[in-house]
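The values are calculated or read from the model by the stated rules, or taken from the named source; none is laboratory data. Keep in mind that what you see is a predicted model, and the values were worked out from it rather than measured. Cβ placement follows ideal geometry from the backbone for every residue including glycine, while neighbour counts extend to all protein chains displayed.
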Amino acid sequence: MPRPIRAVVHARSIAANLALARARAPGAFVWAVVKANAYGHGIERVVAALSAPGDQPDGYALIDLADAARVRAVGWRGPILLLEGVFEPRDLDDVAALDLDVAVHRAGQIDWIERHVGAAKFKVHLKVDTGMNRLGFAPHDVPAALARLRAVSSIDRVAVMTHFADADLAHGAEAALACFDGVAAAGLPQSVANSAAILSQPGTARDEIRAGILLYGATPFADRSAAELGLVPAMTLESELIAIRSIDAGDRVGYGGRFVATRPTRIGVVACGYADGYPRLAPDGTPIVVDGVVCPMAGRVSMDMITVDVSEVPGARVGSRVELWGRELAIDDVARGAQTIGYELMCALAPRVPVVLDGLPDGAP
Ligand SMILES: *Cc1c(COP(=O)(O)O)cnc(C)c1O
């Protein structure tokens, strides 16, 4: 028998979260962001989860050409956007073959399109840097870049996009949006809103929105939970207790003896460790659900195991179900203790963890 750990991806939850994004931005074109293997959920699984006619996004956005090929391979014929554009000129051949939209964030990428030989027509999203100072044209360079794009005969669609640095803060998108509005040419489709903006800054839903973390049911905010936003978890990471022991006051648990019992304590050993993607920095007290009861972590996370104080779960035994995060325990609550964010935990789910897709709608391919 394999180790009892597995991740369950909840198809209906992803569809429900997408529907929530649509309701927040009526009429907008919705890009479902599936970079980083769909934030750890599996690109093919997420496309399958959203495959029923009423559940589909308008397009998929991602980073890697190979991932775009995966989305095409499972039958998606609609738009796919490369959020960072191409990395070298010959990538444009694949862009043409796969019929992808491309971001253009620096002048060199326009050079490559100008010089591309062939009959391909490109759909370009000009990226404007509105203060993040990461990717994109500085505002004062945007008019010239737009003029160049308009002059290239192989470009048949131009949109403008930007990415907010502070959309998770109150009014955090306002300065960036004002900057964007100052340079975005009238008449071109506009794409600005990530999950935080979709959920909290309705005015930023322009023609297109780019929904990432919200699809997966975690929060983009430090101070608002996914549940209060109406999001439902898309991934449950579950395992079982593989051993139980009773220890006395003063006994230590795990590497370095980080946990020291202050009273007689029952310790459960969970088949999950940092090699499964669980954060090693999680402190004692990090919540872990055993047989439906929230219990505190006790002792340092090991490569393959976690130890948990199950003193409050008299029925706990070898084989008891353990939820590391998911429907009974928000991934964000685990992330907070480990000083990270739900995004990082879900993206870090290790390849050795088997994943099952649960709840595909009837009639899904
Ligand atoms: C990742 C990404 C998004 C989605 O961000 P979330 O916070 O996950 O919604 C949107 N736009 C761009 C350009 C991205 O890289």
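Could you check His41 against (1) of a type outside the set (A, V, I, L, M); (2) in contact (Cβ under 8 Å) with a residue 24 or more places away in the chain; (3) farther than 19 Å from Asp99 by Cβ; (4) away from the ligand (no atom under 14 Å from the Cβ) and say which number it fails?
Here His41 meets the rest and fails (4).
I'm trying to understand the selection: among the residues of region 263-281, which are within 21 Å of the chain's Cα centre (by Cα) and hydroxyl-bearing (Ser, Thr, Tyr)?
Tyr274, Tyr278
Under 6 Å between Cβ atoms, which residue pairs at least 6 apart in sequence (or on different chains) link something in region 183-207 that is under 24 Å from Phe221 (Cβ atoms) and touching a residue at least 60 places away in the same chain (Cβ under 8 Å) with a partner that is polar (S, T, N, Q) and in a loop (DSSP other than H, G, I, E, B)?
Short answer, once both residue conditions are applied: none.
Write out, first by first residue and then by second, each pair whose Cβ atoms fall under 7 Å of each other, whose residues are 6+ apart or on separate chains, and whose first residue, in region 48-72, is within 16 Å of the ligand (Cβ to nearest atom) and part of a loop (DSSP other than H, G, I, E, B) while the second is among the acidic types (Asp, Glu) and at pLDDT 95 or above.
Ile63/Glu84
What's the number of the only condition in (1) at pLDDT 95 or above; (2) away from the ligand (no atom under 14 Å from the Cβ) that Val117 fails to meet?
Only one criterion is unmet by Val117, namely (1).
Can you report the number of residues in region 235-249 which are of a type in the set (A, V, I, L, M, F, W, C), touching a Lys or Arg at 6+ places or on another chain (Cβ under 9 Å) and crowded, with 20+ Cβ neighbours inside 10 Å? If you could, list the steps in order and put the result at the bottom.
In the first step, residues of region 235-249 are kept if they are of a type in the set (A, V, I, L, M, F, W, C); the result is 235, 237, 241-244, 247, 249.
Those left that are additionally touching a Lys or Arg at 6+ places or on another chain (Cβ under 9 Å): 237, 241-242, 244, 247, 249.
Cutting the leftovers down to crowded, with 20+ Cβ neighbours inside 10 Å gives us 237, 241.
Total meeting the criteria: 2.
So Glu238 clears everything in (1) away from the ligand (no atom under 16 Å from the Cβ); (2) under 27 Å from Lys123 (Cα atoms) except one condition, right? Which one?
(2) is the only condition that Glu238 fails.
Identify the single condition in (1) closer than 25 Å to Asp99 by Cβ; (2) of a type in the set (Ser, Thr, Tyr); (3) within 13 Å of the ligand (Cβ to nearest atom) that Thr130 does not satisfy, given that it satisfies every other one.
Thr130 satisfies all of (1) closer than 25 Å to Asp99 by Cβ; (2) of a type in the set (Ser, Thr, Tyr); (3) within 13 Å of the ligand (Cβ to nearest atom) except (1).
Residue check: is Val117 farther than 15 Å from Met161 by Cβ and either β-branched (Val, Ile, Thr) or not in a loop (DSSP other than H, G, I, E, B) (or both)? Reasoning before the result, please.
Values: farther than 15 Å from Met161 by Cβ: yes; either β-branched (Val, Ile, Thr) or not in a loop (DSSP other than H, G, I, E, B) (or both): yes.
For Val117, the condition - farther than 15 Å from Met161 by Cβ and either β-branched (Val, Ile, Thr) or not in a loop (DSSP other than H, G, I, E, B) (or both) - is met.
Looking at region 5-17, is at least one residue of a type in the set (A, V, I, L, M, F, W, C) and closer than 20 Å to Met161 by Cα?
Here is the first cut: in region 5-17, the ones of a type in the set (A, V, I, L, M, F, W, C) are 5, 7-9, 11, 14-16.
So of that shortlist, the ones also closer than 20 Å to Met161 by Cα come out as none.
No, every residue in region 5-17 fails to be of a type in the set (A, V, I, L, M, F, W, C) and closer than 20 Å to Met161 by Cα.
Under the condition of being surrounded by 14 or more Cβ atoms within 10 Å (Cβ to Cβ) and polar (S, T, N, Q), which residue from region 133-182 is farthest from Asp99 (Cα to Cα)?
Step by step, filter region 133-182, then rank; the result is Thr162.
Across region 25-38, what is the number of residues that are within 12 Å of the ligand (Cβ to nearest atom) and either in contact with a strand residue (DSSP E or B) (Cβ under 8 Å, 6 or more places away or on another chain) or in a strand (DSSP E or B) (or both)? If you could, list the steps in order and put the result at the bottom.
Kept after step one, since they are within 12 Å of the ligand (Cβ to nearest atom), are these residues of region 25-38: 30-36, 38.
Among the residues that remain, those that are also either in contact with a strand residue (DSSP E or B) (Cβ under 8 Å, 6 or more places away or on another chain) or in a strand (DSSP E or B) (or both) are: 30-35.
Final tally of qualifying residues: 6.
Where in region 266-339 are there strands (runs of 3 or more DSSP E), lying wholly inside it, with at least 2 residues that are buried (at least 21 other Cβ atoms within 10 Å of the Cβ)?
Values: elements: 287-290, 293-296, 306-309, 321-325.
Qualifying strands (runs of 3 or more DSSP E): 287-290, 306-309, 321-325.
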